[in-house]
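Contents: one structure, followed by commentary.
Read the figures in this text as sums done on the coordinates, not as results from a lab. Everything numeric here is computed off the predicted structure, so don't read it as measured data. Ideal geometry is used to build each Cβ from the backbone, glycine not excepted, and the neighbour counts take in all protein chains shown.
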Amino acid sequence: MPSWLDDVQGLLARTPIGRFAAETPGVRAAVLVPLFVDGGKLWVLLERRSGSVQHHPGQVAFPGGVRHGEDVDEVATALRETHEELGIEPGQVMILGHLSDVFTTSGYVVSPVVGAIPWPVSLRLAVAEVEDVIRIPVAALAHPQLVEERELALAGRTVASPVYHYGQTQVWGATARIIAELVERLTGGSPAAGA
């Protein structure tokens, strides 16, 4: 009998992802989209960035960061950054697939890597970078009434972005665009379309 891991891998592999060409201007970065099952539900783990970090303070994001010279690919970057920020060992993550590159208004080309993590997992937050972690059920992200399309003023221009609402948490920007693709691939439809 297939597990949820097989199901997610199959859904992510069903259609090709979008990649920016190597010559596309921008700083290369990667994030991990950590998924886990708890109580029979599929969840995604996000972090709230510290208010003292230089880029995107206080925002809800996936663990990740800039690609370093020793990183062989985006998977290595995502796993290294997740270990640095959340204390999750690379060997604890099972890579399930990839999502399309996202270009941010701050000039980053972000490659999302989807991975399964064990739950419960022991977390060790890098308090200089991460204020807290947030667990959100994927089913909640797929609910049309919890997402809206909003025009945001970012880096001196107006950008359309989905905004996800879960309790007191709002997720927007590049993280919300990554979530939108994740939801579309896992459910076969975009919740924003029904909003």
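Descriptive notes on the structure:
- Computed from phi, the 3J(HN,Hα) profile of the stretch 33-47 under the Karplus parametrisation 6.51, -1.76, 1.60 (θ = phi - 60°) reads 9, x, 10, 7, 10, 8, x, x, 10, 8, 10, 10, 10, 10, 10 Hz, with x in place of Gly and Pro.
- When the helices of the chain are scored as -39500 (n - 2.57) per DSSP H run of n ≥ 4 and the total is divided over every residue, the value at 222 nm lands at -6500 deg cm²/dmol.
- Ranked packing of 31-44, 158-171, 78-91, 11-24, most packed first, by mean Cβ within 10 Å: 78-91, 31-44, 158-171, 11-24
- For the chain, the extents of the C-alpha atoms along the principal axes are 50, 41, 35 Å, listed from largest to smallest.
- Helical segments meeting 24 Å axial Cα length and Kyte-Doolittle 1.6 threshold in the chain (DSSP H): none
- Applied to the stretch 112-124, the Karplus parametrisation 6.51 cos²θ - 1.76 cosθ + 1.60 on θ = phi - 60° returns per-residue 3J(HN,Hα) values of x, 10, 9, x, 8, 10, x, 9, x, 10, 7, 10, 10 Hz, with x for Gly and Pro.
- The slack between I134 and M94, meaning 0.36 nm per residue of separation minus the straight C-alpha distance, is 12.4 nm.
- Cα centroid of the stretch 81-119 to Cα centroid of the stretch 5-23, whole Å: 14 Å
- Directionally averaged projected area (convex hull, Cα atoms, the stretch 119-160), nm²: 5.2 nm²
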